[in-house]
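A short reminder: the numbers here are calculations on the coordinates, not readings from a lab. In this text the structure is predicted, and so the values were computed from the model without any measurement. Neighbour counts are summed over all protein chains in view; Cβ atoms, including those assigned to glycine, are modelled from backbone coordinates with ideal geometry.
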Amino acid sequence: MFEQTFKNIDDILHKDAGCSSELDYTEQTSWMLFLKYLDDLEFAKSQEAELMMEEYKYIIDEEHRWSSWAAPKTASGEFDHDNALTGDDLIDYVDQELFPYLKSFKQRADNPNTIEYKIGEIFGEIKNKIQSGYSLRDALEKVDELRFRSQEEKHELSHLYEVKIKNMGNAGRNGGEYYTPRPLIRAMIDVVQPQIGETIYDGAAGSAGFLCEAYDYLRQGGAEKRKLKTDELKILQERTFYAKEKKSLAYVIAIMNMILHGIEAPNVIHTNTLAENLQDITPNNQHDIILANPPFGGKERKEVQQNFPIKTGETAFLFMQHFIKSLKPGGRAAIVIKNTFLSNTDNAAIALRKELLESCNLHTVLDCPAKTFLGAGVKTVVLFFVKGEPTQTTWIYQLDPGRSLGKNSPLNDTDLNEFLLFQKDKINSDLSWSMPITEIDQETWAIPTTHPISKVAESQRAPLEVISEIEELDIKAIATLKAIKGAF
């Protein structure tokens, strides 16, 4: 019911000089959506309080509420054009009064887990980029058409917002930075199987796709598909999901995404996760489950590297150390990482693989095909491990969807069905095999992702077949040399 409204908002922003890309459209839509959501939330709570004969204390002062400045109404409920700010007056109000007011909430909040702190953090980080007050007025009127009153409305809004995040990821230089394919996330969650009462953490949250999908999984009763009790719903809301995110835009999107999925005050901290010294991670801030896709190919400064025992500038390798340390003993993790992690021969990669295999049970590796991540030029694997017991055998599955992945043919849930079926009992097949750790090179700790059957087939080729192939290659080489000589 809201899809056309989202398209209309994008059309308005596309015509404004201050918004130039999908990233800008999503950012600007996010702050307006957040304030509209907050207004609907406060209205619902005030109605509940009235029914209980209680007085509700509003978070936002009346003059700065959505219903006062963004969408004033007449006594009959019609839009009040006479009292609605527009043009330069609207831009001046938003930039000089509204945003500074909302930013000040951060200093007044009791702690980072409150909605007040989130308001201050969000509006301290983003700016209104819409330059025309007439464009902003049009966008506000469209956003006001969206409603957060029913679960059905929230579900549709969350779906449409996910589409915006996906488009933003595809438009960026690195699609994997903002968007991890949801079918892959759901498969990772199916393997890890979180339970109510366990804490779930993502220290490189991005758009919070992992936590949103985990919330949906648990909200629907997890593996058991059962109806949750009231106290379990409270645990799910307040004491289950934890995240950190460094980039301002991603932080705002993560908050909005989690809210749309049903988490009212997300436990997302705006910080550089890697700036935290590993020694400061204690049992009190360790987690039962980690689901993450740390940034590919980033580089961290020397002073940040000093926080880690294995020194490296590779961001993903630093995150791996952070995640291992952040897991409780017996904790479970599913981490997306570049496939070169399994074979790189630099000192840091070798040391990190050794630590992982000796301190954790790397029970499963999912080898993903090219273009799993649209816009990302690297191949990836998913590492599934349990902390506290050394690896004995690793089961490796090469995902083959039977087609070339791309924008018009992305990864889907069906593509992962066989992996999930085989993973339960670690079934060996043409695409999967078990690798005893005693068989890997103890100098490099490299984990090969070539199926042993294909190696055997290669080694069993007849000598005459090999000689024939060499002769064919020689003929091709001579022909190429002649062609080159003929060019001079």
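Between the stretch 226-253 and the stretch 62-119, how many Å separate their Cα centres?
Here the two parts' Cα centres lie 26 Å apart.
Just want to confirm a number: the relative contact order over the chain, from Cα pairs under 8 angstrom separated by 6+ residues, in percent.
Details: 765 pairs, mean separation 57.4, N = 488.
Contact order relative to length: 12 percent.
Kindly rank 49-57, 425-433 from highest to lowest mean number of other beta carbons found within 10 Å of each residue. Intermediate results must be reported in sequence, preceding the final value.
Values: 49-57: 9.9, 425-433: 14.9.
Per-residue mean Cβ counts within 10 Å order the peptides as 425-433, 49-57.
For Ala446 and Ala17 in one chain, what is 0.36 nm times their gap in residues minus the Cα-Cα distance, to one decimal in nm? Spell out each step's value before the answer.
Values: separation 429, 0.36 × 429 = 154.44 nm, distance 5.12 nm.
Here the segment from Ala446 to Ala17 would lengthen by 149.3 nm.
When all C-alpha to C-alpha distances in the stretch 213-296 are sorted into bins of 5 Å, what percent of pairs does each bin hold, rounded to whole numbers?
In whole percents, the pair-distance histogram is 3, 11, 20, 24, 19, 13, 7, 3, 0.
Once the Cα gyration tensor of the stretch 159-450 is diagonalised, what are the square roots of 5 times its eigenvalues, in whole Å and ordered largest first, as equivalent ellipsoid semi-axes?
Working: eigenvalues 138, 103, 84 Å².
Values for the stretch 159-450, descending: 26, 23, 21 Å.
Per residue, how big is the convex hull of the chain when only Cα atoms are used? Give it in Å³.
Details: hull volume 100.9 nm³, N = 488.
It is 207 Å³ per residue.
Excluding same-chain pairs closer than 8 in sequence, count the lysine pairs in the stretch 152-273 whose Cα atoms lie under 19 Å apart. Intermediate results must be reported in sequence, preceding the final value.
Values: Lys154/Lys164; Lys154/Lys166; Lys154/Lys234; Lys164/Lys247; Lys166/Lys247; Lys225/Lys234.
Lysine pairs meeting the criterion: 6.
Okay, helix-only estimate at 222 nm for the chain: each DSSP H run of n ≥ 4 adds -39500 (n - 2.57), divide by all residues, round to 500 deg cm²/dmol; what do you get?
Numbers: 20 runs with 224 residues, N = 488.
When only DSSP H runs of four or more count, the value is -14000 deg cm²/dmol.
Out of the DSSP beta bridges found with both residues in the chain, what percent are antiparallel (nearest 5)?
Working: 22 of 39 bridges.
Around 55 percent of the beta bridges assigned by DSSP in the chain are antiparallel ones.
Could you pull out every residue, at least 5 positions away or on a different chain, whose amide H is within less than 5 Å of the one on Thr380? Hs are placed 1.01 Å off N in the peptide plane, and Pro or chain starts have none.
Asn339, Cys368
Please identify which residues in the stretch 209-226 have an amide N closer than 20 Å to a label point set 7 Å out from the Cα of Gln195, following the Cα→Cβ vector.
The answer is 214-226.
Return the loop-located trypsin sites (Lys or Arg not before Pro) in the stretch 299-373 (DSSP other than H, G, I, E, B) with at most 15 other Cβ atoms within 10 Å of their own Cβ; answer none if there are none. Could the numbers behind the result be given before it?
Values: sites: Lys299, Arg301, Lys302, Lys311, Lys325, Arg332, Lys338, Arg353, Lys354, Lys371; in loops: Arg301, Lys311, Lys371.
Filter output for the stretch 299-373: Arg301, Lys311.
Using 10 Å bins from zero, what percent of all Cα-Cα pairs in the stretch 3-147 falls into each bin?
For the stretch 3-147, the binned pair fractions read 11, 39, 36, 13, 1 percent.
³J(HN,Hα) across the stretch 45-52 via Karplus (A = 6.51, B = -1.76, C = 1.60, θ = phi - 60°), whole Hz, x for Gly/Pro?
Per residue, the Karplus-derived 3J(HN,Hα) values read 5, 5, 5, 4, 5, 4, 5, 8 Hz.
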